[in-house]
Every structure is written in C-alpha cells, then in structure tokens.
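> Quick one: the structure is below, questions incoming.
The values are calculated or read from the model by the stated rules, or taken from the named source; none is laboratory data. All values reported here derive from a predicted model rather than from experimental measurement. Using ideal geometry, Cβ is built from the backbone for each residue, glycine included, and neighbour counts are taken over all protein chains shown. Accessible surface is based on the protein model in full, side chains and every heavy atom, while ligands, DNA and RNA are left aside. Shrake-Rupley method; radii C 1.70, N 1.55, O 1.52, S 1.80 Å.
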Amino acid sequence: MEQNPFEPVYQEIFPFWNEITESEREFICRNSFALNYPKGTNIHDGNECSGVIFVHSGSLRLYIMSEDGKEITLYRLHKGDMCMLSASCVLQTITFDVFVDAEEDSECYVISGSAFAEVSARNPKIKIFALETAVSRFSDVMWVMQQIFFMSMDKRLAIFLLDESARINSDTVTLTHEQIARYISSAREVVSRMLKYFAGEGIVEVSRKGIKILDKKRLRQLAL
C-alpha cells in the first residue's frame, strides 16, 4: 500500500504517533491538507478553529491585536515549527484571539481542528501533547511581555538583531524597518531612529541591502 505523504512527517514530529492505533493515524492523515499561503495572507483570524498548523516551508507570525488595532507579535514560526494556538477547538482553555499571518510564501500541513479534537478526546497521549506544545510557547509569550514592559528600546532591538542574525546565520539582517517594528511591537519611526543611533556608534551599517552588524560585541553589551 502506498504510504500517505503526511505519514513520515507526523512520525517524526508527533511522539505519540507509534502509540496510537492505525485507524487513528489514518484518520489524522485523511483530515490533513497541504496548503500554500502567499506572503501577507491571514491564515487564522482568531474567530474559528483553523486547525493544527505545521510549517513545511516559509515563515508565520502569531500576534494579538488590541481594540484600536495595535499588534503585539507573540512569536514567529519557521520550517519545522508547529502552531497549536490556532486550534481553539482542541485547547478550549485558550480564550484570547490569536492571529496568524504568512510572513513569507509558506507551505503548511494543516490538520483539521475538529478531527484533531476528536482523536485527542479519545486518546490522552494526544491531548497531553497538544497541551504541552501550547504551554511550551507561553515562555516565548512571557519573554515578549517582559521585553515590552521592562526593557529599553535599544536593548530590545539589540536582542532582536542578535537573535535574527543567529537564526539566519548571517551578519546581515534583510528585514525592513517596518517588519522589525512589527516583530518587536514598536513603531517604524522608533526603530529607524534607534538604527540610526546604532549606525552612528559604528555598531551596524544600514543600507538598502539590509542591516549589517559591524560590532557584535557592542551589540551583545547592549543586550545584557
């Protein structure tokens, strides 16, 4: 029998995969979809159970939004990451609205929320995995809140540039000032002023090609 294309992926990412029944595995695969999201697409608007999202390629951004439209980025998901907060029907204790956008052209594997909820209701191993996955992300959320409420702007920007440089394995960060502002929940003008200050101090070089880190030691000092 030909193997379902989702099977090898789920076998790798789900620790419970080999412990559930063959019919449960088939049910999950049958209710899975490979979906392509162009850059800028809103994938989840917080009002419905979009399902469990696995990023096969590309990048997603999770954020919350205030009544006046201000966004706070909670975290970003890249290749190999999974979003459980978009499956509110699985995690019914999640009562706040989370939005998910494609930051790049992205291919995702999406498991129907209702289908995942059905199998997790029958199998505690799946339910525990869903809860543990969601809880693990709350440390990222608390880190964001700590930065917003307790850290100066220069420190927040230094931390972001160092983290992004490490993630892409390059000293040149090719994000726009507007994108960086969105990621660190600030205003583009504030980010531009701070980058101008960093450039004046010889810490970075700002050009159309991006932001090149010139003095990583100084940047790390700012991030402390």
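> Among 160, 149, which is assigned to a helix (DSSP H, G or I) and modelled with pLDDT under 95?
Exactly one of 160, 149 is assigned to a helix (DSSP H, G or I) and modelled with pLDDT under 95, namely 149.
> Could you list, ordered by first residue, the pairs with Cβ atoms under 7 Å in which the first is in segment 141-166 and closer than 13 Å to residue 223 by Cβ and the second is of a type in the set (Phe, Trp, Tyr) and part of a helix (DSSP H, G or I), at least 6 apart or interchain?
From segment 141-166, the pairs are 160/183.
> Being closer than 24 Å to residue 59 by Cβ, in contact (Cβ under 8 Å) with a residue 60 or more places away in the chain, of a type in the set (Ser, Thr, Tyr) and outside any helix (DSSP H, G or I) narrows it down to one residue among 170, 185; which is it?
Among 170, 185, only 185 is closer than 24 Å to residue 59 by Cβ, in contact (Cβ under 8 Å) with a residue 60 or more places away in the chain, of a type in the set (Ser, Thr, Tyr) and outside any helix (DSSP H, G or I).
> If you don't mind, another one. In segment 74-90, what residues are in contact (Cβ under 8 Å) with a residue 40 or more places away in the chain and within 9 Å of the chain's Cα centre (by Cα)?
Listed by number, the residues that qualify are 74, 75, 76, 78, 82.
> Test each condition in (1) hydrophobic (A, V, I, L, M, F, W, C); (2) over 19 Å from the mean Cα position of the chain (by Cα); (3) in a loop (DSSP other than H, G, I, E, B) for residue 49 and report the one that comes out false.
(2)
> Please work out which residue is modelled with the highest pLDDT, limiting yourself to segment 59-88 and to residues that are among the hydroxyl-bearing types (Ser, Thr, Tyr) and open to solvent by less than 40 Å² (accessible area, probe 1.4 Å).
Going through the qualifying residues, I end up with 59.
> How many residues does segment 58-73 contain that are in contact with a His (Cβ under 9 Å, 6 or more places away or on another chain) and in contact (Cβ under 8 Å) with a residue 40 or more places away in the chain?
Going through segment 58-73 one residue at a time, the tally reaches 3.
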